[in-house]
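Structure record follows, encoded as structure tokens.
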Amino acid sequence: MARSGRRRGWCDGARWLPAVTLFCALALWPGCTGALDTSRYYHYEELTELLRAAAAAHGSMARLFSIGQSAENRSLWVMEISTTPGRPSPGKPKFKYVGNMHGDETVSRQVLVYLIQYLLEGYGRDGRVERLLNGTDVYIMPSMNPDGFERSREGDCAGEQGGRSNARNKDLNRCFSDQFEPEAGEEVVEDEDVPEVVAMERWIKENKFVASGNLHGGSVVASYPYDDSRTRTSVGYYSKCPDDEVFKYLAKSYASKHPVMKIGMPNCSNDSSGEIFKDGITNGAKWYDVRGGMQDYNYLQGDCFEITLELTCCKYPPASALHSEWENNRDALLNLMEQVHIGIAGFVIDAVFGSGISNATIVVAGIDHNITTGNFGDFHRLLVPGIYNVTVVAQGYMPVTIFDIEVLEGPATQLNFTLQPLVAADNHTFETTTAFTEFRTHNVSEAEDEHQSKAIEPANFRHHNYADMEILLRKYATDYPAITHLHTVGKSVEQRNLYVMEISDNPGIHEMGEPEFKYIGNMHGNEVVGRELLLNLIEYLCNNYGTDPEVTSLVNKTRIHIMPSMNPDGYEVSTEGDVSGVVGRNNSNNFDLNRNFPDQFFKISDPQQPETSAVMDWLQKIPFVLSANLHGGSLVVNYPYDDDKEGIIVYSKSPDDAIFKQLALSFAKENSPMFEGHPCKDMYPEEYFPQGITNGAHWYNVPGGMQDWNYLHTNCFEVTIELGCVKFPFAKDLPKYWKQNKRSLLQFIKQVHKGMKGFVLDATNRKAIYNATIVVAEVNHPVRSAKDGDYWRLLVPGVYKITASAPGYIPMTRNVTVVEEAVEVNFTLSRVTDDDVNSRDRGTINSSAEPGEEFQQLVRSLSSEEGLKNLISSARVDLSLDRYHDYKDLSEALRGLHSNYPTITNLDSLGQSVEVRQIWALEISDKPGTKEPKEPKIKFVAGVHGNAPVGTELLLAFAEFLCILYGKNQAITKLIEETKIVIVPSVNPDGREISQEGQCMSKVGLTNVNGKDLDTDFIGNSSEQFSEMQPETRGIVKNLILNQGFTLSVVLDGGSLLATYPYDKPVQTDENVPGGVVRGAQWHGHMHSMKDFSVTYGHCPEITVYTGCCNFPHAKDLATIWRDNKKSLLRMLVEVHKGLRGMVTDTAGNPISKVNIILNEGVKVLTSEAGYFHVLLSPGPHHIDALAAGYQHQRKQVFVSSYEAATSLVIVVELDNKLLGLPRELVVTAAGATLSAILVTACIVWCVCSIKSNHQKDGFHRLRQHRDEYEDEIRMMSMGSKKSLLSSKVAAVCVFFPTTPKEKNYISSLPCSCDQTVCLPFINCHLDLRKQARQLENELDLKLVSFSKLCTSYSGATTRDGRRDRYSSDTTPLLNGSSQDRMFETMAVEIEQLLAKLTGVNDKMAEYTSTPGVTSLNAALMHTLQRHRDILQDYTHEFNKTKANFIAIREREDLLGSVRKDIESYKSGSGVNNRRTELFLKEHEHLRNSDRLIEDTISIAMATKENVTSQRGVLKTIQSKVNSLANILFKAILKKSSMLYLG
């Protein structure tokens, strides 16, 4: 009963009355009629009203919202149907239906509308519907392409009449991001052309949909992924996805419930081949290949299992078929929704806090497709019946696997996973058991390991000086030669050996696949605990090898390097018992070795010490994986970074922060005092390290530390371990230190076997690939393979995307699940061949390639010498370089290139030389002349010196080379498509014309015709400096350097054979860079060079390449020079794509222009108008700072590869909430208060100045007020009488004046209290007089406003005879004085005439008021007459006052004019120019200016008044229309009353 009542309330409700009325009229909703209306289609407006009405009627179950707009701004409506609409529902799966993706496939649109009704009305009535909605959140989008639907035509079965695509002619089911790369020349769809797709992709990614159906038309079949394949086979290729069985199960669940689909023979009239689909289902690609389809995107990007459902052969059948189509699909639609509950479902929970873990990965063994948990840790993984092993992995947690999970037909098997954090909550013990391994932590104060009682403990607990240590090391090296190798890596300052004991089952050699580990102690000479512990460790490992399983396993599987003392000199001067001293800390040169390594943030000015150099060389030779540096003075494990760019105490996070914390914890948790986190309570009572670990910079800054250098410059992950509060304890305490740290030392070595490991091999010969790069997605720290191709990458458990790449090889990417023990992942890379460069089909084998990956692979391949060599050998172009081009020939050649290749070239002039020769610039790009902010830009410039024209010829040949090969050579084509290339072959054409061939050293032509060396003319970017430049320089600066935003600039010159880089200005010289590269200042230093200007003002790095020792060699040598330089020119096109490219946006995604991008706190570039930047950087790590006005400072760290394409980076900046260093709210409040004070002051000034125009306030306002009161009173009299209409007919009729003959006849028939012959004529005459008065008043109102403006704008800036005097300004009115006088006199006469007419009308009204026989009306008529008289009096008063003001102003101007004439006459006649006269004139000018300012203010006020008057007129019009409606209503009532009276 309650539900029925709610439906009645919906149909009767006022809020949704229009929509509900439409529903009830259409008989669509059962709440109105109980039946579906399947008789017609609903267009957009009607559909919108239907959906809104449904949401209003079922507010507790339905929520209507839009995910975006179509191209024609129609909403993409979605109806959510749930027991908790609009609220999160942990544990409830989400299902969606999407219809009408192709606008002319319309059955889906209607069927989904019917489904919405069916579900909403069925809840509570139909048990199946109620069960479905109680456990599922359903989302239904009836139309994804409303624009296309509006253009389609009913009855169009074959889709021949349009509507399939959206409003911008794009097929929405071909525009989603696809897993396979696009073909060459394939159209790239811009986001603005497919807003429907953009909105859908965003919606899919933001929601954890479990399953989905995409409804189409044109056949009758259920299609499932994949929809396309790498082979690009158009039909017949079965493209199998990892969940193929699940998708077939879903497709059959729909087809089996569809009476036509389940047969598998659609028998469509438009299908001549007679398609047959077994069981009514098909693999999408096997049916036909669909690039950019939505169902594949759902599966790959949204973890949503979507199938495509073709509902009917006819795309847009007649509406008469809708009923049968609904009946055919109803049960199938419900059945597919119910399948969202199959498989497994549950929650992933944090074991410590009990909260859900979001974004945990659900891995099903044998199925290469993972899903992730939702915000509450909930998951739903669709699976067909069977037995499965399921693993859950989350960042920072121990993975958990459940084996042999049985999935049955029907509801999902419920599974909950509880994951232990890697960092324990308990400070003492930590124990977690998973299916992979058992990880146990012992409290060292309790029982030791069982095997420990059998292990041989060290017996040598004493302090060892250098000689003693040396003897001990030799002893163990001699006693255990099978597992030890003693060697030295260098010498200290005092020539002591830096000994290293290597312990391994094969000492002295690197074993393939075996990781390298090292311990370094005694870096600070007076911190000796680490030195003694490492000597104990050597003894322990040697004595227990072969008898203790733990030790034997470590030695057999790990190559362990132990350096007991890195600072033997410092040790020799330190003293036993030193607690916190510094004697012996530094080396013999008194330098702290842990401040002596190169630093990423600060320049280390101290000279590098021999101990430091020795260790650095050692680390470069051996591929260490893990290391610890043992110190003393506290009790904590410290991990990178050790410092930050500001040099302050702050958490300086490295890219591998998670694994570093795990490594640090592995040591600390085995040392009970350390793990408690309160070391050195007597010395540092406030110091606390949670769980005994800390970030280095968060403790204190250490610039030049060894651990950061290890991480940044090698593959080695190093931590620093402080072993005790006393730096040099007494020997009696050494056994205690060994007991506390033995387990920690052993456990830390074991960590080298975490993460992943493997080999990188050549696919052809299976040989190792040395120095291959292993990159973990989203972790900006690559590692490299060793000489045997083996690599190790430490990682915490989780799922990672790993890419292996090497120069000359095609990269390979794999998805890897890392568990507790190291997982082995091998990469087999294929070599880049000629076909890889020139043939797209054979050039990519990476199955996980993303859009744009092909070009990145091209950059990698061309970065190798072999790649460029292959390109040049395959790109054979016969260019006849046998002559030089003078200016005329050069111009014709450039025009010829543009004429023959117009689609990729654009020829423009940057300016002209002194002798008016053009400075040509040729752009080569796939979109010449258009801005493409994402693409890097490179410019090649030559001919700066006219006597060195080789560069001109090389650039001309290079341009022709590129143009010829575009479209013929794949690599060249891609380079042109991805690059903006600008070629300026001759900057100094005048100098070129006078230079002579064969003159190698001649200076003729070096300068321009003004004798200026143009490379010394780039003096600055101010307007004054521009004017001083030569015309050639000015054109280059304004039209090239400053306005183009180049990434790289290459200048070709002659006279030597080398390349120079900035700066050219004389500076302190550095040593030359090997390979013929020097700083410009070191060769020919000079000021104001183009190179320096380009870097300083154009923010573009520029190099100058000198192509030969002879400036102007003979033409016969050009071919050889071209051959020698061709590869280098091509190399520049590759290099411009490296470095770093990115974009700066705000938090809403809007690009921000002109942001300062500061690189490594030095070089600065600016973002473009679209927010993009691209900068070339040297290989290695870099700091990027983004500084935007009004936004918070952002810092990013990136790693740049020497052969990878540019690293992409998006920097999102947030608004800075401070202004002038103060909170934004305070500044805004203060500014608002100040502005308010200014406005109040301005209003006061305006009020004072407006005294000159008091008629605006006192006159016209009062007149209009009178008229308003008059009109209000008339309305009151006409509609407000409370007397009976039947007893006061005459008064009512005479006040409410009749206008139509029918009304007048009716009035004449009434018993009038006045004479019948007088009443009606009186009424008519009085009405006419009142209308005339109102008309005259309106005319007077307008005239007086104009008259007032004329008077206030009157100026004496012109003399009476119309001549402008010398003091008039630009603000003087255009009308001169005499013209104003004439207008004044004319308007005064017109106003006087109007006043006279109004007086006459008022007199006539007075005569009618005294007419005998109308005494019953006298009171009202006298009141009306008095109103008109008051208005007349006010108009007359205002006119006289304004007229008097004008006359006074004119007299004043006349007086001032005569004074000016006298002054001018006096000055011109006597020639006197004394100081008093000048002061008087200046004071007079000030007064004149002040007067003009006041007049301007008054003019602004008058303009404002006119606007207000105009607005009031509009309101009056509305008011009159309302009055008319009231009159009509009153007349109707009066007529009805009359009928009652007469009746």
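Each value in this text was obtained by applying a stated rule to the coordinates, not by laboratory testing. It should be emphasised that the depicted structure is a prediction, and the values quoted were computed from it without experimental measurement. Cβ sites come from the backbone with ideal geometry, for glycine too, and all protein chains shown count toward neighbours.
The smallest convex shape that holds all Cα atoms of the stretch 478-614, its convex hull, gives 140 Å³ per residue. Working note: Debye formula, equal point scatterers on the alpha-carbon atoms of the stretch 73-217, no solvent; log10 I(q)/I(0) at q = 0.13, 0.14, 0.16, 0.17 Å⁻¹ is -0.66, -0.74, -0.92, -1.00. Computed log10 I(q)/I(0) for the stretch 229-281 at 0.22, 0.26, 0.29 Å⁻¹: -0.95, -1.02, -1.05, from the Debye equation with unit scatterers placed on every C-alpha and solvent omitted. Ranked by the mean number of other Cβ atoms within 10 Å of their residues, highest first, the peptides 878-887, 935-944, 687-696 come out as 935-944, 687-696, 878-887. The HN-Hα couplings worked out from phi for the stretch 123-134 by the Karplus form 6.51 cos²θ - 1.76 cosθ + 1.60 (θ = phi - 60°) are 5, x, 10, 9, x, 5, 5, 5, 5, 4, 6, 5 Hz, whole numbers, x standing for Gly and Pro.
The alpha carbons of the stretch 956-1109 stretch over 45, 38, 36 Å along the principal axes, in descending order.
How big is the charge dipole of the stretch 566-624 about its Cα centre, in debye rounded to the nearest 20, if each Lys and Arg gets +1 on its Cβ and each Asp and Glu gets -1 on its Cβ? Here the stretch 566-624 has a charge dipole of around 260 debye. A simple packing score, the average count of other Cβ atoms within 10 Å per residue, orders the peptides 226-238, 949-961 as 949-961, 226-238, with the highest score first. Roughly how many whole Å is it from the C-alpha centroid of the stretch 1123-1145 to that of the stretch 36-64? The stretch 1123-1145 and the stretch 36-64 have Cα centres spaced 57 Å from each other. With R₀ set to 25 Å, the beta-carbon distance separating Ser1208 from Val235 gives a calculated FRET efficiency near 0.10. The charge dipole of the stretch 463-615, taken about its Cα centre with unit charges on the Cβ of Lys, Arg, Asp and Glu (plus for the first two, minus for the last two), comes to roughly 300 debye.
Listed by chain and number, the aspartates and glutamates placed with their C-alpha closer than 13 angstrom to that of Lys475 are Glu539; residues fewer than eight positions away on the same chain are left out. Full extension of the chain between Thr828 and Ala777 gives 16.5 nm of extra length, using 0.36 nm per residue less the Cα-Cα distance.
Of the peptides 176-182, 635-641, the ranking by mean beta-carbon count within 10 Å, highest at the top, reads 635-641, 176-182.
Determine the alpha carbon to alpha carbon distance for each of Lys454/Lys727; Lys1091/Lys1116; Lys262/Lys286; Lys170/Lys286 and list only those over 28 Å. Spell out each step's value before the answer.
On the way: Lys454/Lys727 32 Å; Lys1091/Lys1116 31 Å; Lys262/Lys286 18 Å; Lys170/Lys286 24 Å.
In this structure, Lys454/Lys727; Lys1091/Lys1116 lie more than 28 Å apart at Cα.
Quick one, can you get me the convex hull of the C-alpha atoms of the stretch 978-1061 expressed as volume per residue in Å³? About 130 Å³ per residue, rounded to a whole number.
The modelled label-to-label distance between Met1383 and Leu1487, using points 7 Å beyond Cα along the C-beta direction, is 2.6 nm.
Pairs Lys208/Lys934; Lys974/Lys1126; Lys518/Lys645; Lys1065/Lys1196: which exceed 21 Å Cα-Cα? If you can, show how the numbers build up before the last one.
Values: Lys208/Lys934 32 Å; Lys974/Lys1126 18 Å; Lys518/Lys645 29 Å; Lys1065/Lys1196 32 Å.
Violating the 21 Å Cα-Cα cut-off are Lys208/Lys934; Lys518/Lys645; Lys1065/Lys1196.
Kirkwood analysis of the Cα pair distances in the stretch 918-1028 returns a hydrodynamic radius of 15.8 Å.
Take the alpha-carbon positions of the stretch 498-554, form their convex hull, and give its projected area averaged over all directions (one quarter of the hull surface) in nm². Write out the running numbers ahead of the final one.
Values: hull surface 18.3 nm².
Mean orientational projected area (the stretch 498-554, Cα hull): 4.6 nm².
Summarising the label geometry, the points placed 7 Å from Cα in the beta-carbon direction at Leu1515 and Glu457 lie 9.9 nm from one another.
Legend: calculated FRET efficiency, Ala1532 to Thr1504, from the Cβ-Cβ distance at R0 = 51 Å, rounded to 0.05, equals 0.75.
If you take the Cα atoms of the stretch 240-372, find Rg, then find the Kirkwood Rh from the mean of 1/r over all pairs, what is Rg/Rh? Write out the running numbers ahead of the final one.
Values: Rg = 18.5 Å, Rh = 17.4 Å.
Rg/Rh: 1.06.
I need the calculated FRET efficiency for the pair Ala158 and Asn207, taking r as the beta carbon distance and R₀ as 45 Å, to the nearest 0.05. If you can, show how the numbers build up before the last one.
Details: r = 35 Å, r/R0 = 0.79.
E(calc), rounded to 0.05, equals 0.80.
Given their separation in residues at 0.36 nm each and the Cα-Cα distance between them, Gln999 and Glu687 gain 104.6 nm when the chain is fully extended. Spacing of the modelled spin labels on Gln1082 and Thr372, each 7 Å from Cα toward Cβ, amounts to 4.9 nm.
Distance from the Cα centroid of the stretch 936-1007 to that of the stretch 332-357 is 65 Å (rounded to whole angstrom). Estimated translational diffusion coefficient (Stokes-Einstein, Kirkwood radius over Cα pairs, 20 °C, 1.002 mPa s) of the stretch 890-957: 162 µm² per second.
Do any of Lys1003/Lys1154; Lys603/Lys931; Lys888/Lys927; Lys661/Lys801 go past 31 Å between their Cα atoms, and which? Provide the component values of the computation, followed by the final result.
On the way: Lys1003/Lys1154 42 Å; Lys603/Lys931 40 Å; Lys888/Lys927 28 Å; Lys661/Lys801 21 Å.
Over 31 Å apart, Cα to Cα: Lys1003/Lys1154; Lys603/Lys931.
When a/c is below 1.5 the answer is rounded, else prolate if a/b is larger than b/c, else oblate, so apply that to the stretch 593-670 with a ≥ b ≥ c taken from the square roots of the Cα gyration tensor eigenvalues. Oblate shape, in that a/c is at least 1.5 and b/c is the bigger or equal ratio.
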